[in-house]
Amino acid sequence: MTAYIVQVSLGDTPQGTLEYRTIFAVGMLLFIGTFGLNLVSAWLRERFREDARERRPDPIVARIASDPCQARLPGAGDSSAC
């Protein structure tokens with residue numbers, strides 16, 4: 001499609017002819033197609049990102065919740081509580 005636009009626009013195409021108008025028609029098709037694919041990819045990305053969050057808990061949060069003493073940093077406060 002882009003090659004067609006370049007091919008037609010390189011020559012002396014008079015304004016208002018069918019060839020001149022097809023440049024803009026093909027450009028609009030490219031824009032609509034790209035925009036549509038971006039919308040679909042954004043929808044899919046959000047859908048699968050939400051599914052992944054629901055299925056798999058964050059490993060660090062799960063470790064802290066199960067045993068808070070393992071998640072402590074060395075030298076951070078009183079160690080007698082653990």
- Can you run down the residue pairs with Cβ atoms below 9 Å, 6 or more apart or on separate chains, where the first is in the range 12-31 and surrounded by 13 or more Cβ atoms within 10 Å (Cβ to Cβ) and the partner is in a helix (DSSP H, G or I) and aromatic (Phe, Trp, Tyr)? Thr13/Tyr20; Thr22/Tyr4; Ile23/Tyr4; Val26/Tyr4
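Condition check ((1) part of a helix (DSSP H, G or I); (2) at pLDDT 85 or above) across all residues:
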position: Ala3; (1), (2): yes, yes
position: Val8; (1), (2): yes, no
position: Ile23; (1), (2): yes, yes
position: Leu29; (1), (2): yes, yes
position: Gly33; (1), (2): yes, yes
position: Arg49; (1), (2): yes, no
position: Ile60; (1), (2): yes, no
position: Ala65; (1), (2): yes, no
position: Ser79; (1), (2): no, no
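The values are calculated or read from the model by the stated rules, or taken from the named source; none is laboratory data. Being a predicted model, the structure only gives us computed values, none of them experimental. Glycine gets a Cβ as well: all are built from the backbone with ideal geometry, and neighbour counts include every protein chain shown.
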